[in-house]
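Colleague: Can you read through this structure? Questions will come right after.
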2 protein chains.
Amino acid sequence: MTALSENPKSGAGRTTISVDAMGGDRGPAAVVAGISRSAKVNPDIRFILHGPKATLEKLVAKKKPLAGRVEIRDAQDVVSMEDKPSHVMRNGKATSMWSAIDSVRAKEADVCVSCGNTGALMMLSVVRLRKLPGVNRPAIAVLWPSRSAQGFNIMLDVGADIRADEQDLLQYALMGASYARNGMELKRPRIGLLNVGTEEHKGRAELKLAHDLITQNADAAEFDFVGFVEGGDIPGDVADVIITDGFTGNIALKTGEGTASLIGSLLREAFKYSPLSRLAALLAYTSLNRLNERIDPRRVNGGVFLGLNGTVVKSHGSADATGVSAAVKLAFKLSQSGFSEKLAARVASAVSLPQDDPMSKDNNGTTS
Amino acid sequence: MTALSENPKSGAGRTTISVDAMGGDRGPAAVVAGISRSAKVNPDIRFILHGPKATLEKLVAKKKPLAGRVEIRDAQDVVSMEDKPSHVMRNGKATSMWSAIDSVRAKEADVCVSCGNTGALMMLSVVRLRKLPGVNRPAIAVLWPSRSAQGFNIMLDVGADIRADEQDLLQYALMGASYARNGMELKRPRIGLLNVGTEEHKGRAELKLAHDLITQNADAAEFDFVGFVEGGDIPGDVADVIITDGFTGNIALKTGEGTASLIGSLLREAFKYSPLSRLAALLAYTSLNRLNERIDPRRVNGGVFLGLNGTVVKSHGSADATGVSAAVKLAFKLSQSGFSEKLAARVASAVSLPQDDPMSKDNNGTTS
């Protein structure tokens with residue numbers, strides 16, 4: 001069981017991140033500016049950068065921190081935001097996205113970062129990297145500003161799949177706990193299962209089954225299961241990791257983002273109202289910036305695809321240099337801690353459990 | 001089809017609201033203070049107030065605006081927040097909640113207001129008022145601060161039932177449209193169906209069926225169906241009414257509330273940070289109040305139970321006088337517009353449609 005130890009490696013030396021330079025709303029210049037920022041503050045990082053060679057060479061040449069630390073892989077095609085995933089699957093071999101994922105497949109890098117089309121990135125990742133043994137549905141995990149000590153909670157799945165049964169929810173708990181350990185350095189993360197009430201008799205049937213299954217696995221998997229949590233706990237301090245199906249998670253994520261954005265607009269309006277309020281806004285500038293830093297989505301940029309042979313970080317499509325740099329920082333942290341292998345070991349160690357479980361109706365476990 | 005006309009009645013004279021004085025976190029004093037505020041600004045309103053007679057008489061006697069406008073119905077028992085709905089069902093005949101609902105059942109009032117236990121209030125309402133012909137699952141509708149011209153959107157169901165099939169979702173669309181017309185004076189409300197993407201091929205099977213069913217009924221029911229909407233549209237301006245199942249709706253509601261509350265806390269923290277930021281907070285006082293008024297849940301206080309013979313407004317358990325008064329204002333508006341009868345007529349006129357619909361697998365319609 002040595003594979004279960006998840007203490008971050010230190011002094012792992014140079015870490016390579018595979019980066020898709022294309023497909024984001026702001027083009028390759030924003031991506032190159034972002035990786036340059038990361039390179040400047042982090043001497044242990046190097047990049048394989050995927051996209052049209054001539055364009056990328058020019059952009060990279062302009063950034064001193066990138067000198068000697070970027071290998072460019074020529075890929076002439078680009079996946080656009082409008083491309084259907086199935087179309088990319090059939091016709092996308094020459095795209096920068098495909099090439100970026102294949103660097104992880106070839107073990108040249110542990111983690112890939114892309115600002116491109118989420119659906120296409122997910123489909124390509126599943127097909128090229130394949131699912132981990134024991135994982136039926138991969139998941140997308142995001143960080144969410146919260147009242148927890150670490151300032152953020154993890155929520156998954158936020159949209160890889162619209163459904164999840166109790167076995168999938170158990171896998172999400174295992175993967176989310178592993179992410180919290182390696183991405184947030186929480187030794188024993190608190191896991192909560194999203195429901196409409198905290199009483200054990202409430203909610204859908206698969207949630208009650210998942211409640212029992214996760215309870216049984218909590219000790220072996222070294223996390224604390226806090227039971228059912230409610231929507232208000234996603235930004236709260238009762239759990240570090242919130243587990244749900246991709247339909248519910250996606251709607252919660254977008255509702256939270258929409259609410260934050262509405263409040264931001266109303267706040268700006270309120271401060272424009274009168275000369276006095278405009279003066280107040282001036283004086284409050286740094287205070288408001290401090291607030292913004294806490295909830296700015298660019299600073300927690302990166303949905304992470306979990307459950308594959310390798311890790312893929314999906315940056316916001318509209319990410320600027322700050323956003324790309326935040327996604328790279330996350331990718332570096334996960335890569336350096338050996339997250340991909342630890343997650344695989346964690347999931348593999350649990351797949352044998354459900355076979356012994358009389359509660360389980362549907363066993364997706366395979367031996368690893 | 002005259003029953004389909006839904007223009008608000010005007011000059012309807014005295015309107016009676018049935019009010020449960022007990023069961024809220026702040027006790028009967030907050031409820032009496034709330035109805036007194038409403039009475040002061042609205043000469044057309046009178047109340048039937050339910051609870052322990054001696055206590056209520058003392059409280060009412062202190063409020064001048066209530067003189068001659070309150071009939072007290074003695075009810076000695078109180079439903080607590082911890083009581084299980086099934087327990088209240090069996091043993092709750094002497095409670096103020098039961099008595100308040102029975103005033104609507106006896107047609108003494110069109111609308112009932114209570115700050116008490118939501119689960120018990122819902123169960124008592126369903127059993128005592130009964131479901132409207134054609135309605136399989138009643139729903140709870142809330143108002144949500146939004147970018148729409150009216151400042152709020154309606155969302156339902158937020159937790160009456162954890163599931164909804166395509167027929168239920170159609171009923172929610174009809175009921176939500178009727179609520180928007182009578183509660184917000186929107187002649188032709190825009191209805192959106194909550195999903196994880198706006199493309200028609202995405203999402204769960206029942207959502208695709210509901211999409212077709214609602215499309216077919218939109219013209220006859222006089223609303224605009226804008227199709228699928230996402231979580232970010234709940235506080236947005238693409239739809240006035242957002243339709244979803246009670247599981248998803250409850251999680252979206254609580255996620256939005258939790259996010260708003262987190263941002264509020266961070267904002268207060270930010271303004272306490274330095275002497276300069278404290279000065280800014282002072283100058284920004286009215287601006288921040290203006291923001292607060294837009295998103296203060298007390299000002300849009302009142303989940304409305306739809307689909308029953310009569311309307312029940314559920315006020316927040318923690319409502320103070322301002323919150324109770326907002327719930328009473330909503331109840332008055334719905335009562336005066338003849339909402340209960342109009343909603344019944346609207347639902348009855350649609351129940352025959354599904355029987356002719358080859359898409360429908362499950363027909364809950366009965367003739368009315």
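The values are calculated or read from the model by the stated rules, or taken from the named source; none is laboratory data. Everything numeric in this text was worked out from a predicted model, so none of it was measured. Using ideal geometry, Cβ is built from the backbone for each residue, glycine included, and neighbour counts are taken over all protein chains shown.
Colleague: Among the listed residues A:Ile243, A:Ile251, identify the single one that is touching a strand residue (DSSP E or B) at 6+ places or on another chain (Cβ under 8 Å), more than 11 Å from chain B (Cβ to nearest Cβ) and either without any contact (Cβ under 8 Å) to a residue 24 or more places away in the chain or surrounded by 24 or more Cβ atoms within 10 Å (Cβ to Cβ) (or both).
Modeller: Going through A:Ile243, A:Ile251 in turn, the sole match is A:Ile243.
Colleague: Of the conditions (1) more than 15 Å from the chain's Cα centre (by Cα); (2) modelled with pLDDT of 90 or more; (3) not in a helix (DSSP H, G or I), A:Val312 satisfies every one except a single condition; which number is it?
Modeller: (1)
To keep it simple, each residue is scored yes or no on (1) farther than 17 Å from A:Ser146 by Cβ; (2) charged (D, E, K, R).
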site	(1), (2)
A:Ile263	no, no
A:Arg268	yes, yes
A:Leu276	yes, no
A:Ala280	yes, no
A:Ala284	yes, no
A:Leu291	no, no
A:Leu306	yes, no
A:Gly310	yes, no
A:Gly317	yes, no
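Colleague: Something else about it: Whether any residue in segment B:315-324 is within 13 Å of the chain's Cα centre (by Cα), touching a residue at least 60 places away in the same chain (Cβ under 8 Å), outside any helix (DSSP H, G or I) and more than 7 Å from chain A (Cβ to nearest Cβ) is what I want to check.
Modeller: yes
Colleague: Which one is surrounded by the fewest Cβ atoms within 10 Å (Cβ to Cβ), of the residues in segment A:88-134 that are without any contact (Cβ under 8 Å) to a residue 24 or more places away in the chain and either part of a helix (DSSP H, G or I) or among the small types (Gly, Ala, Ser) (or both)?
Modeller: Looking at the filtered set, the residue picked out is A:Arg90.
Colleague: Between B:Gly303, B:Gly249, B:Gly236, which is under 28 Å from B:Lys333 (Cβ atoms), out of contact with any helix residue (DSSP H, G or I) (no Cβ under 8 Å at 6 or more places or on another chain) and of a type outside the set (Ser, Thr, Tyr)?
Modeller: Matching residue, one of B:Gly303, B:Gly249, B:Gly236: B:Gly249.
Colleague: Hey, another quick one. Taking segment B:291-308 on its own, how many of its residues are surrounded by fewer than 21 Cβ atoms within 10 Å (Cβ to Cβ) and at pLDDT 75 or above?
Modeller: 0
Colleague: Moving on to the next point. When you scan segment A:23-39, how many residues do you find that are within 19 Å of the chain's Cα centre (by Cα) and modelled with pLDDT of 95 or more?
Modeller: Summing the residues that are within 19 Å of the chain's Cα centre (by Cα) and modelled with pLDDT of 95 or more in segment A:23-39 gives 4.
Yes or no, residue by residue, for (1) within 21 Å of the chain's Cα centre (by Cα); (2) on the phi < 0 side of the Ramachandran plot; (3) surrounded by fewer than 24 Cβ atoms within 10 Å (Cβ to Cβ); (4) aromatic (Phe, Trp, Tyr):
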| position | (1), (2), (3), (4) |
| --- | --- |
| A:Leu170 | yes, yes, no, no |
| A:Ser178 | yes, yes, no, no |
| A:Arg190 | yes, yes, yes, no |
| A:Arg204 | no, yes, yes, no |
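Colleague: Among the strands (runs of 3 or more DSSP E) contained in segment A:135-240, which hold 1 or more residues that are touching a residue at least 60 places away in the same chain (Cβ under 8 Å)?
Modeller: It comes to A:139-145, A:152-156.
Colleague: Can I ask one more? Identify the residue in segment B:264-290 that is surrounded by fewer than 20 Cβ atoms within 10 Å (Cβ to Cβ) and not in a helix (DSSP H, G or I) and, among all such residues, is farthest from the other protein chains (Cβ to nearest Cβ).
Modeller: B:Ser274
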